[in-house]
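Comments concern the structure below.
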Amino acid sequence: MRLDARKRNLLLIMPATVWLLVFAVAPVVLLFAMSFWTSSIFGTTPDLTLDNYRVILEDPIYFRVLLQTLRISVTVTALSLLISYPMAYFLATRPPAVKGTYLVLLFLPFWSSYVVRTFVWLPMLGRTGLVNAVLLHLGIISEPLDWLLYTEGTTHVALVYVYTLFMVLPIYLSLDRIDPKLIEAAADLGAGPFRTFRRVVLPLSMPGVLSGCIMVFLLACGAYVTPQLVGGTGGIMFGNVIAPQYTVTNNWALGAALSVVLIVVVTLCLVLFGRKVRLNDVFIGG
């Protein structure tokens, strides 16, 4: 009987296991193997070499862009948290009758394509865009501002916008699970609104905060479309260095090595973060 239960459990987990092996593990293994291959004008061949990693170590531009990517990702995560927490708190404290309406309004912009939502910033921040037109009309400026677009600041703004939902939802779910009786008990014990938030609400919502921060950080580290469209030369990220190796120079081996470097660095960041916070507890709400 026990053997039958084991077979049944194996059959249940088999589809998910095969899916993960084929679409998650196998591509990473292939990417790692390809990073040691050789690329030439004739294509990529499985001739083992360390030249790809040697190129990365010898050219300082890769290190600078990697640091810029991590810096932008951390800043975008912090800004997303500052914007998302009040939004999530507002949603969690709405009456049940209108909460669904507010959630639909939150999701509404994200029903359109990610690329479309990024392109929106071009007519808004360009020389002939909405912001410049309003400032010129009000007489605040005498000529259009060029630095509103194709800068690192634009990359920050656009990434915060496109990834806000991934920060709001985990925080909202954590806040929505808080028993209102705990807040009432804190008030009965003489705690003011700020102390109640600091001692009750914020600690109980930390799993949502941390999971949102991790998701936004990971998404920002791998960003490609947003910095490509609005970042210009000053707001490029590591993904913008990796992509041309596959689409322009046809140097797949170097692209794989750059991808492995990014994966390793991001994994190390998560490991360091996990030494302070148990990631398992973050994602299961422990």
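Restricted to the range 63-111, and to residues there that are among the small types (Gly, Ala, Ser) and surrounded by 11 or more Cβ atoms within 10 Å (Cβ to Cβ), the residue that is farthest from Gly231 (Cα to Cα) is Ala92.
On inspection, Leu169 does not qualify as crowded, with 18+ Cβ neighbours inside 10 Å, touching a Leu at 6+ places or on another chain (Cβ under 6 Å) and of a type outside the set (Ser, Thr, Tyr). Taken together, the residues in the range 52-62 that are open to solvent by 60 Å² or more (accessible area, probe 1.4 Å) and either of a type in the set (Phe, Trp, Tyr) or over 19 Å from Gly255 (Cα atoms) (or both) amount to 0.
Applying a threshold of 8 Å to beta carbon distances and a minimum spacing of six or more residues, or different chains, the list of pairs starting in the range 256-283 at a residue that is over 30 Å from Asp51 (Cα atoms) and ending at one that is of a type in the set (A, V, I, L, M) and modelled with pLDDT under 95 reads Phe273/Ile214; Phe273/Leu279; Val277/Leu210; Leu279/Ile214; Leu279/Leu270; Val282/Leu210; Val282/Ile214. Inside the range 25-51, residues that are of a type in the set (Val, Ile, Thr) and either part of a strand (DSSP E or B) or open to solvent by less than 60 Å² (accessible area, probe 1.4 Å) (or both) make up a count of 4. The criterion of at least 2 residues that are more than 25 Å from Leu103 (Cβ to Cβ) and either basic (Lys, Arg) or free of Cβ contacts under 8 Å to residues at least 60 places away in the same chain (or both) is met by the following helices (runs of 4 or more DSSP H) wholly inside the range 124-197: 130-138, 180-188, 193-196.
Can you name the residue in the range 216-271 that is more than 26 Å from Leu169 (Cα to Cα), surrounded by fewer than 17 Cβ atoms within 10 Å (Cβ to Cβ) and hydroxyl-bearing (Ser, Thr, Tyr) and is also modelled with the lowest pLDDT among such residues? By that ranking, first place goes to Thr233.
The values are calculated or read from the model by the stated rules, or taken from the named source; none is laboratory data. Everything quoted here is computed from the prediction, not taken from an experiment. Note that each Cβ is placed from the backbone with ideal geometry, even for glycine, and that neighbours are counted across all protein chains shown. For the accessible areas, the whole protein counts, side chains as well, though only heavy atoms, and no ligand, DNA or RNA atoms are used. Shrake-Rupley method; radii C 1.70, N 1.55, O 1.52, S 1.80 Å.
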